[in-house]
Amino acid sequence: MPDMAEPILAADGTPLKKKLGQALFRSRLSAFGLVVPLLAFVVVSFIVPIIALLWQGVYDKRFAVLMPNTSAALSDWSGVSEPTEEMYSALVADLVVARKEKTIGRVATRVNRELSGMRSLFTSTARKAAELEAPYKDALIAVQKTWGELETWQAMKIASRVYTPGYLLASLDFKLNADGSIVRQDENRRIHVKLFLRTLEISMVVTIACLLLGYPIAYLLASLPLRTSNLLLVLVLLPFWTSLLVRTTAWIAMLQSQGIMNDLFVAFGVTSDDDRFSLIYNKTGSLIAMTHILLPFMILPLFSVMKAIPPSYVRAAKSMGASDWTAFWRVYFPQSVAGIGAGVLLVFILAIGYYITPALVGGQDGQMISNIIDFHMRKSLNWNLAAAIGLVLLVIVLLLFWVYDRVVGIDNIKLG
């Protein structure tokens, strides 16, 4: 009788376990080879651009590259003492070169983000820099008295950092000082945290509203005969065949003071003609329009899960004496939790990054953090701050995703 401790060998004498491992490795390698093109496409066209954009939230080398002499002089400066003649001399030398190479605009824009009014100061001084003579401190102050102010040099020192937390701090309504200390922004400049909180509030309210409205609809679709449920499902999918812009502008026509909704409220006596509701260009408009647009994203996951729940389970519970409510709550609802998890997660992720609808119907009170990102990308052209805000938003979403996983469990989510 063979010794059971000896390994089982394949036909070529190789241990069977090793042979199976090699075969499994080759199988996995072949499977990976099939997805490499798609993986490469996703990395190149999606992941790399996102990382490159978010990287700008902590990296800005413009001032250090375009003003090398000034940056070197500022690196040894404490940020609180009086600027030296060597610092003024380095500044003049860099201004001359920046004017000649036509890069002064980029330099001025970078410093202007730290201190308002620096763009005109740099551009006007650069035109006269070649004519200045030592001592350069007196010469620059003679051109513009602002060169003698400490905060001007502090702004340049902050701008000279290649790796800087300044943009991330600004996205959280803080400010980085030249000496490395961190302080809160002035009261009238604290807008980002308020927008982050408003974004989370709107996203959560929209998600809850979609769940309360979508659950009964999905339950009805899953309970009706197949032919009827398919017909109603087409009505649920119908909004996907209409442009998002068209659906949003339709709500503008419906929610305005002389719109259909207010006309109905007046007709049914809910309000008077002189005291119509303000349903547009505020948070209410954003909530109504976003709930309507995102509702199908809640219904579909719920429907797919509910359709897979055998009706016999509820009938069995009723046959054993359970009431309709008890059978639903104790038997049917727990099996639909997976669909609730999928729908809630999908709607919340879509809502937190929504842009078009709040921009059109939200007004000032209904704007979300995505709208301020768009403002910095297209109007102020402060891509670094936009990237920093996006990075903070990504961290918040990942944190909420982690909390959701700990409380609900991502493994419990399914789509049918």
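General remarks:
- Per residue solvent-accessible surface (Å²) - the chain, probe of 1.4 Å: 58 Å²
- Carbon and sulfur %, accessible surface of the chain computed with the full protein complex present, 1.4 Å: 65 percent
- Dipole-positive endmost among Ser380, Ala52, Ala72 within the chain (Cβ charges, Cα centre): Ala52
- Candidate membrane-span-like segments in the chain, meaning DSSP H helices with Cα atoms spread over at least 18 Å of their own axis and a Kyte-Doolittle mean of -0.5 or above, are 16-42, 85-100, 192-223, 283-306, 333-352, 383-407, with no membrane implied.
- Only helices enter the 222 nm calculation for the chain: every DSSP H run of n ≥ 4 contributes -39,500 (n - 2.57), and dividing by all residues gives -20500 deg cm²/dmol, rounded to 500.
- For Phe174, the residues 5 or more places off, or on other chains, whose built amide H falls under 5 Å of its own are Gln185.
- Inter-part distance where the range 307-383 and the range 78-124 are each reduced to a Cα centre, Å: 51 Å
- Taking Met204, Met306, Met320 in turn, the Gaussian network model of the chain (Cα-Cα springs below 10 Å) assigns the largest fluctuation to Met320.
- Top of Gln367, Gln22, Gln258 by mean-square fluctuation, Gaussian network on the chain, Cα under 10 Å: Gln22
- FRET efficiency, Val337 to Trp241 (Cβ-Cβ, R0 30 Å, nearest 0.05): 0.45
- Debye log10 I(q)/I(0) for the chain, one point scatterer per Cα, at q = 0.10, 0.12 Å⁻¹: -0.91, -1.07
- Among Arg330, Arg110, Arg127: highest mean-square fluctuation, GNM of the chain, C-alpha pairs under 10 Å: Arg330
- The chain: relative contact order as a whole-number percent, Cα under 8 Å and 6+ apart: 17 percent
- Across Lys157/Lys194; Lys194/Lys283; Lys137/Lys157; Lys61/Lys102; Lys283/Lys307; Lys61/Lys145, pairs whose alpha-carbon gap is larger than 25 Å: Lys157/Lys194; Lys283/Lys307; Lys61/Lys145
- Placing unit charges on the Cβ atoms only, positive for Lys and Arg and negative for Asp and Glu, gives the range 62-189 a dipole magnitude near 660 debye about its Cα centre.
- Cα-based convex hull, the range 62-189, per residue volume (Å³, whole number): 98 Å³
- Summing Cβ point charges (Lys, Arg +1; Asp, Glu -1) relative to the Cα centre of the chain gives a dipole of roughly 1140 debye.
- Percentage relative contact order, the range 147-283, counting C-alpha pairs under 8 Å, at least six apart: 10 percent
The values are calculated or read from the model by the stated rules, or taken from the named source; none is laboratory data. Quick caveat: nothing in here was measured; it's all calculated off a predicted structure. All Cβ positions, glycine included, derive from the backbone under ideal geometry; neighbour counts span all protein chains shown. Note: accessible area is taken over every heavy atom of the protein model, side chains too, but ligands, DNA and RNA are not part of it. Shrake-Rupley method; radii C 1.70, N 1.55, O 1.52, S 1.80 Å.
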